[in-house]
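All remarks here apply to the structure that follows.
The values are calculated or read from the model by the stated rules, or taken from the named source; none is laboratory data. Quick caveat, the model's predicted, so the values are computed rather than measured. Here the Cβ is made from the backbone with ideal geometry for all residues, glycine too, and neighbour counts use every protein chain on show. Note: areas computed on protein heavy atoms with side chains; ligands, DNA, RNA excluded. Shrake-Rupley method; radii C 1.70, N 1.55, O 1.52, S 1.80 Å.
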Amino acid sequence: MKKIILPVICTVLFFGCGGSTSQENTADPASAASVATLDRSKLKGSEFMDLFKEIRPTELSENVFKVFSEDYAVITSGVARDYNSMVASYGGWGILFEEPAAWCFLRANRYTLEYIRRNGTYTLSYFDDEDKESILIFGTSSGRDSEKMNTHSLHPVQTPDGNITYKEARLIIECELSQITSVHPEDYYWEKGKTFVQEGYEDAKDYHKLVFGRITHIWVRK
């Protein structure tokens, strides 16, 4: 049975950085701790760089346990004319192959996973509490056979690299796909995990996927 190696998960800070995330940024780390208030009246006419600034991984002060389990991550992949979003509550950030990385635990039949495989890039976006109802739409049905991507109230926008996120986001993590690994019940020593992936298989006819991405950029609201 193939062994699954998980990245070291960090609750507050990344311990080091590399790759394209090494761009110089001299901002005070404390400045990233407070989230700016969003002026929603200006969203429609704003471009990406009007709304967001880039920070280094070591400046990220969000609590990974809170953003995944309480705020949820909106995973989006595709291009402006064709993209899909989903909601994820299992995942984390850390270091993998000496690079800042993010990982998610996705059911094998998720439509967004097809976009991630095809495009090789995706974003993890996090929102204010008042947007919770809007983002949960992405988890109510599949974009494969519904119009959910045309019914939400958020404002999509492209990052400088061409990835899709939303203007309402307070934190955006851009990722380049590095690995997709299938899980199997025999890999689990915790009965809860074993049962969870077995039930997922019965629904999707395939096992859950661990999706790892190298973090290329981190953006926070100005």
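Details
- Annotation for the range 99-170: GluC sites (Glu not before Pro) lying in DSSP loop with at most 12 further Cβ atoms inside 10 Å of their Cβ are Glu147.
- Against the criterion of solvent-accessible heavy-atom surface with a 1.4 angstrom probe, His184, His152, His208 sort, most first, into His184, His152, His208.
- Spin-label model distance (nm) - Lys53 vs Lys222, 7 Å beyond Cα toward Cβ: 0.9
- Around Lys53: net Lys/Arg minus Asp/Glu count, Cβ-Cβ under 11 Å: -1
- Whether the range 46-178 is rounded, prolate or oblate, judged on the alpha carbon gyration tensor where a/c under 1.5 counts as rounded: rounded
- Based on alpha-carbon atoms, the Kirkwood radius and the radius of gyration of the range 62-112 give Rg/Rh equal to 1.01.
- Highest mean first, the peptides 89-96, 186-193 sorted by other C-beta atoms within 10 Å per residue fall in the order 89-96, 186-193.
- Remark: spin-label model distance Gln198-Ser69 equals 2.5 nm, labels positioned 7 Å along the Cα→Cβ axis.
- Paramagnetic label reach from Glu130 (point 7 Å along Cα→Cβ; backbone nitrogen cut-off under 12 Å): within the range 32-76, residues 37-42.
- Legend: distances between Cα atoms for Lys66/Lys222; Lys132/Lys167; Lys148/Lys209; Lys66/Lys192; Lys42/Lys66; Lys66/Lys205; pairs beyond 25 Å are Lys42/Lys66; Lys66/Lys205.
- Set of aspartates and glutamates near Lys194 by C-alpha distance (under 18 Å), chain-local residues within fewer than 8 positions excluded: Glu186, Glu202, Asp203, Asp206
- Label-point separation, Gln179 to Val87 (7 Å along Cα→Cβ), nm: 3.0
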